[in-house]
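Have a look at the structure below, then the notes.
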Amino acid sequence: MKRLLFLIAFAATAQNSQTTLTVDWIMRGPELYGHTPQSVRWSRDGSRLFFEWKAASTPLLAENDTYAVNRDGTALRKLSDEEAKQAPPTGGELSKDKSATVFVEGGDIYLYDHAAQMRKRVTRTGEAESGARFWQDARHITFQRGSNLYLLSLDDATIEQLTDIQAPGAAPAAGPPPGGFGGGRGAAAASSASSEQKGTDSQETVKKEERALLAVIEERAKKREEAEAKRKKENPRKPWTLPARHSVMTMMLAPDGKQVVAQVREAGDRGKTTIVPNFVTESAYTEDISARDKVGDNQPLMKVAIINRETGAQQWVEFSTKERPVQLFAPQFSDEGKAVLRARAADNKDQWLLALDLATGKVKELAKMHDDAWVGGPMSFSYGFLPENRVWFVSEQDGFAHVYTVNADGGQPKQLTSGKWEVRDFYLTTAEAGAAESQVYAMSIDGGDRRRLTKEPGGHEVTMSADGAMADIYGYTNRPPELFINGKQVTNSPAADFAKYAWSDPPLVEIPARDGIKVPARLYKPANWKKGGPLVIFVHGAGYLQNAHKRWSTYSREYMFHHLLRDRGYLVLDLDYRGSAGYGRDWRTGIYRFMGGKDLDDQVDAVKWAVKEHGVDPKRIGLYGGSYGGFITLMALFTQPDIFQAGAALRPVTDWAHYNHPYTANILNLPQKDQEAYKRSSPIYHAAGLKGALLIAHGMVDVNVHYQDSVRLVQKLIELRKENWEFASYPVEDHGFVQPTSWADEYKRILRLFDTTIGVAPEPVAAKGKK
């Protein structure tokens with residue numbers, strides 16, 4: 001029986017522990033706690049496992065190395081560069097008979113033979129190829145070069161151009177004149193080429209008279225027309241010149257070989273791209289980085305075109321709603337030739353799965369997802385084909401993200417999973433997750449009971465071999481992820497001195513919010529805690545993240561920093577506030593039209609809980625965080641100044657009207673249509689409320705949340721004559737810092753802020769490493 005794999009999470013608790021740390025030692029980052037193995041893949045016979053990894057001592061910016069290990073976990077070794085080239089590729093498409101994988105590397109196409117365990121270079125061209133995939137069998141490959149699709153036969157190496165798509169405004173290709181492009185083309189050929197282009201009425205009149213008047217012109221015209229007729233007969237395909245502002249993104253040949261389906265992007269009219277200046281460069285000159293547009297600007301529109309392979313005739317797939325543009329995305333094809341695509345309303349409140357008839361370009365609704373806030377959640381964009389003409393997809397229809405199936409020809413969708421937990425990730429076939437842990441389960445494609453495959457509490461990312469061996473990237477709260485094969489540990493990633501500190505497994509607590517909801521949080525409590533001590537709240541970033549769990553945190557440096565704070569006498573809380581991942585649709589959309597509303601209320605309620613339950617001094621409260629966490633820090637200090645005495649806002653959004661469109665428009669709609677939502681959600685409009693001590697820190701080459709955001713806020717604070725703030729700039733850092741020196745400088749400033757405002761002000765921050 002065919003089975004699916006699911007990840008499911010359930011809550012768990014563990015014990016606490018403690019000792020001493022320094023900022024410089026912690027901020028070594030992966031040079032301390034190690035690098036997670038990546039790109040895990042099995043040989044087709046299941047005898048060996050390959051993955052990308054590097055030792056903790058490897059230079060920070062060095063590329064990962066390729067490793068191989070036997071199925072039983074023995075003979076782990078790093079491959080040489082030449083050996084790594086013959087390892088199975090990390091991406092690409094596997095043929096139906098599973099004998100080969102086609103992939104693109106460096107703009108050229110390669111073929112990997114799994115039996116021979118060797119790669120073969122298929123193309124070596126100046127113009128890059130992309131989107132290589134098998135068509136029908138393992139003997140034909142389609143690929144994109146420029147704006148056109150090609151078909152390559154592996155049997156005789158012939159290449160056929162399947163489309164003739166030309167850029168907007170391009171002149172039609174005239175083709176060679178009689179006799180080819182050899183000598184003697186001269187004025188006659190040039191005259192013939194110019195004759196094909198239609199001119200004004202007066203120009204056409206003169207041209208007609210010239211042909212009737214001069215015999216040589218009549219002769220040339222007839223030869224041109226005969227050549228053109230012959231060319232059209234031999235190649236009847238008409239070129240398609242793209243409309244203005246249109247470009248081809250991806251293309252694929254339908255299973256029947258008759259149509260080409262193209263994903264086409266129409267650029268937004270009069271859109272403007274932001275510029276991020278880069279000051280520290282090899283050229284020693286300031287260089288501009290082209291970044292992104294801002295929310296509310298005219299956005300690109302994604303379309304789908306169907307092109308007849310033989311004639312070049314083109315038609316658009318039509319699907320629209322009243323007064324709302326709809327984005328259409330490239331379809332997927334089943335082995336039987338069925339086509340299904342995803343559509344999403346531009347206002348993000350509706351999404352559809354549509355069956356596509358390639359012959360007519362018409363679509364049929366298979367499933368619709370609606371949300372008065374915005375359609376989202378884990379795997380909300382994912383779908384695929386199952387046996388028996390079925391399509392799986394994920395929907396929050398019952399309030400939590402769950403797996404559904406529907407017949408590709410239509411019918412009532414069937415729910416396969418249910419419960420107050422979320423499907424979070426699709427690995428191998430699919431995944432099901434909950435709150436604090438990630439566990440892998442097997443389930444029939446018809447639903448029903450699940451069988452647990454992983455046992456240890458924490459987080460699991462599984463890769464199965466064709467014959468059922470299991471490779472597992474497993475980590476726990478205080479144990480960085482490592483590679484295991486059938487339960488046997490293969491890698492040991494951290495540096496040796498990482499184990500010298502007793503990293504704790506902070507307990508998960510539930511904090512009662514004012515609306516009766518229980519908000520999960522990690523609690524770091526000093527062993528010698530005394531009432532009247534200080535509290536620091538860490539606010540994780542957004543996008544759709546969770547941090548109150550039993551997995552190794554993506555905020556690894558912050559996890560270690562919280563131990564340092566705890567060891568210095570701070571109580572630390574790390575909340576999964578409203579808007580965090582893992583808790584269902586209502587939790588996810590709790591910030592709709594008001595960021596800095598319920599999510600900030602959760603932080604305030606956490607302060608009240610800590611005061612009541614742990615005796616925290618209400619006059620010694622600080623918080624910090626980066627990105628969305630930096631935004632919440634600003635909103636806390638500006639709108640709740642009597643609750644929070646100090647805060648560090650790292651790379652913060654200060655004005656949502658200046659952030660990107662995909663994220664912001666989901667939550668706040670458009671700034672030109674919902675100014676109220678933007679103003680009440682943007683810290684810069686509330687800066688007059690600042691009373692406590694504020695640290696702002698920002699990377700100057702941040703192409704996500706721009707450095708400009710913090711610069712504009714600084715100017716506002718100057719105009720407001722505020723004095724209790726500090727601004728730290730990091731010239732070489734993007735949104736996610738890389739250099740350990742930048743990390744260390746930033747977190748020494750954070751620690752100094754808390755120690756001098758709400759803390760116990762112990763000895764100065766140590767600048768030496770851990771002994």
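The values are calculated or read from the model by the stated rules, or taken from the named source; none is laboratory data. As the structure is a prediction and not an experimental result, all values here were calculated from the model. All Cβ positions, even for glycine, are placed from backbone atoms using ideal geometry, and neighbour counts span all protein chains on display. Just the protein is used for accessible areas: all its heavy atoms, side chains included, with ligands, DNA and RNA removed. Shrake-Rupley method; radii C 1.70, N 1.55, O 1.52, S 1.80 Å.
Observations on the structure shown:
- Of all residues assigned to the range 308-315, none qualifies as being within 25 Å of ASN669 (Cα to Cα) and crowded, with 19+ Cβ neighbours inside 10 Å.
- Within the range 73-106, tally of residues that are part of a loop (DSSP other than H, G, I, E, B) and either in contact (Cβ under 8 Å) with a residue 12 or more places away in the chain or more than 28 Å from PRO494 (Cα to Cα) (or both): 16
- Listed by position, the strands (runs of 3 or more DSSP E) inside the range 239-284 whose residues that are of a type outside the set (Ser, Thr, Tyr) and in contact with a Leu (Cβ under 8 Å, 6 or more places away or on another chain) number at least 2 are 246-253, 259-266.
- For the range 316-335, filtered to residues that are part of a loop (DSSP other than H, G, I, E, B), closer than 17 Å to GLY361 by Cβ and open to solvent by less than 60 Å² (accessible area, probe 1.4 Å), the residue that is modelled with the lowest pLDDT is PHE319.
- Test: residue in the range 614-629 that is farther than 15 Å from PHE754 by Cβ, of a type in the set (A, V, I, L, M, F, W, C) and either open to solvent by less than 10 Å² (accessible area, probe 1.4 Å) or in a loop (DSSP other than H, G, I, E, B) (or both): no
- Number of residues in the range 559-580 that are open to solvent by 10 Å² or more (accessible area, probe 1.4 Å) and within 26 Å of GLU437 (Cα to Cα) equals 2.
- All positions within the range 579-596 that are in contact (Cβ under 8 Å) with a residue 60 or more places away in the chain and either more than 30 Å from VAL403 (Cβ to Cβ) or in a loop (DSSP other than H, G, I, E, B) (or both): ALA581, GLY582, TYR583, GLY584, THR589, ILE591, TYR592, ARG593, PHE594, MET595, GLY596
- In the range 246-264, the count of residues that are free of Cβ contacts under 8 Å to residues at least 60 places away in the same chain and surrounded by 17 or more Cβ atoms within 10 Å (Cβ to Cβ) is one or more.
- Search result, residues across the range 653-670 that are open to solvent by less than 10 Å² (accessible area, probe 1.4 Å) and out of contact with any Lys or Arg (no Cβ under 7 Å at 6 or more places or on another chain): VAL653, TRP656, THR664, ALA665, ILE667
- Failed condition for LEU650, given (1) open to solvent by 20 Å² or more (accessible area, probe 1.4 Å); (2) under 10 Å from PHE631 (Cα atoms): (1)
- Residue match in the range 397-404 (condition: more than 28 Å from ASN669 (Cβ to Cβ), open to solvent by less than 20 Å² (accessible area, probe 1.4 Å) and in contact with an Asp or Glu (Cβ under 8 Å, 6 or more places away or on another chain)): yes
- Of residues in the range 530-575 being touching a helix residue (DSSP H, G or I) at 6+ places or on another chain (Cβ under 7 Å) and in a helix (DSSP H, G or I), the one nearest to GLY475 (Cα to Cα): SER556
- Residue satisfying condition, being touching a residue at least 40 places away in the same chain (Cβ under 8 Å), closer than 21 Å to VAL536 by Cβ and part of a strand (DSSP E or B), within set ILE696, ILE750: ILE696
- Residue list for the range 36-72, restricted to those being among the polar types (S, T, N, Q), open to solvent by 70 Å² or more (accessible area, probe 1.4 Å) and not in a strand (DSSP E or B): SER57
- In the range 358-388, residue surrounded by the fewest Cβ atoms within 10 Å (Cβ to Cβ) [restricted to those that are of a type in the set (Asp, Glu) and at pLDDT 95 or above]: ASP372
- Residue match in the range 336-349 (condition: in contact with a strand residue (DSSP E or B) (Cβ under 7 Å, 6 or more places away or on another chain), assigned to a strand (DSSP E or B) and among the acidic types (Asp, Glu)): no
- The range 1-35 - residue that is in contact with a strand residue (DSSP E or B) (Cβ under 7 Å, 6 or more places away or on another chain), open to solvent by less than 50 Å² (accessible area, probe 1.4 Å) and modelled with pLDDT under 85 and, of those, nearest to GLY569 (Cα to Cα): ALA9
- Selected residue (criterion: nearest to ARG237 (Cα to Cα)) from residues of the range 113-163 that are surrounded by fewer than 19 Cβ atoms within 10 Å (Cβ to Cβ) and hydroxyl-bearing (Ser, Thr, Tyr): THR158
- Qualifying residue in the range 491-501 (condition: of a type in the set (A, V, I, L, M), in a helix (DSSP H, G or I) and either farther than 22 Å from THR554 by Cβ or open to solvent by 20 Å² or more (accessible area, probe 1.4 Å) (or both)): yes
- Extreme residue, nearest to SER39 (Cα to Cα), among residues of the range 73-89 that are under 30 Å from the mean Cα position of the chain (by Cα) and open to solvent by 100 Å² or more (accessible area, probe 1.4 Å): LYS78
- Taken residue by residue, the range 705-712 has at least one member that is surrounded by 23 or more Cβ atoms within 10 Å (Cβ to Cβ) and among the acidic types (Asp, Glu).
- Qualifying residue in the range 673-689 (condition: more than 20 Å from GLY597 (Cα to Cα) and of a type in the set (A, V, I, L, M)): no
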